[in-house]
Amino acid sequence: MLELKSKSSNVSILKINTLFLMTKLLPFVLGCSLFLSCSIVSTDARKDRLFKRDENLLIEKINLLVKADQENRTLSKLYKSKNNNNTLDMDSITYEYWKDSIRTIQQKIDYSNSIELIKITKKYGFPDNSRLSKKNLSWIIFQHTPERLKKRVRRILIKENEKGRFKNEATLKFIMWHLEGRKMDFFNNIKTN
């Protein structure tokens with residue numbers, strides 16, 4: 001038996017029975033650990049089942065996200081090229097205002113798309129091409145992740161990689177490269193499955 005005594009007196013404050021710890025507390029702690037590890041495994045299995053069940057819906061959602069991502073960028077490039085060739089009747093002040101407006105709209109789209117893909121990834125796991133029956137560009141959404149979401153997306157992608165949901169190492173590296181500010185030394189430091 002272990003006794004703790006107060007400094008001011010020799011009165012026992014707390015007695016801990018070692019036998020109690022071994023017979024009651026230890027099995028409880030081991031049981032909790034087993035439960036948590038099983039729930040993590042069942043969560044991954046549940047994600048895979050949901051993924052297979054909702055695959056067509058996921059493909060549709062991802063295609064809509066990519067379309068929203070690319071439409072505004074395409075429009076921006078088109079007007080920029082027309083303005084550079086002087087085929088667009090727009091003075092420089094109007095062009096700068098228009099460019100800032102397009103940029104603001106794109107930032108809102110990028111934020112909204114990133115949040116939606118985060119939700120999808122948390123529910124189903126990352127929808128990598130290797131997991132879907134049809135090719136998709138889901139990676140492009142995380143490529144354009146706004147600065148304030150980059151840490152969150154990095155953590156999610158690292159977990160997804162640990163779970164083996166990136167069969168194509170290049171996809172993960174490409175997304176992470178963008179999230180890390182397109183630094184070339186990043187490729188030497190990333191570890192994948």
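The values are calculated or read from the model by the stated rules, or taken from the named source; none is laboratory data. It should be emphasised that the depicted structure is a prediction, and the values quoted were computed from it without experimental measurement. Neighbour counts are summed over all protein chains in view; Cβ atoms, including those assigned to glycine, are modelled from backbone coordinates with ideal geometry.
Select the helices (runs of 4 or more DSSP H) contained entirely in segment 46-159, then report the ones holding at least 1 residues which are modelled with pLDDT of 85 or more and over 22 Å from residue 180 (Cβ atoms).
In segment 46-159, 55-84, 92-124 are the helices (runs of 4 or more DSSP H) which contain 1 or more residues that are modelled with pLDDT of 85 or more and over 22 Å from residue 180 (Cβ atoms).
Go through (1) modelled with pLDDT under 90; (2) closer than 17 Å to residue 51 by Cα; (3) buried (at least 16 other Cβ atoms within 10 Å of the Cβ) one by one and return the number of the condition residue 171 breaks.
(2) is the only condition that residue 171 fails.
Scan segment 130-152 for residues that are farther than 18 Å from residue 58 by Cβ and among the β-branched types (Val, Ile, Thr) and report the count.
1
Just need a number here: residues in segment 130-148 that are polar (S, T, N, Q) and more than 17 Å from residue 49 (Cα to Cα). Full working, then the answer.
Of segment 130-148, the ones polar (S, T, N, Q) are 130, 133, 136, 138, 143, 145.
When the remaining residues are screened for being more than 17 Å from residue 49 (Cα to Cα), the result is 136, 138, 143, 145.
Looking only at that region, the number is 4.
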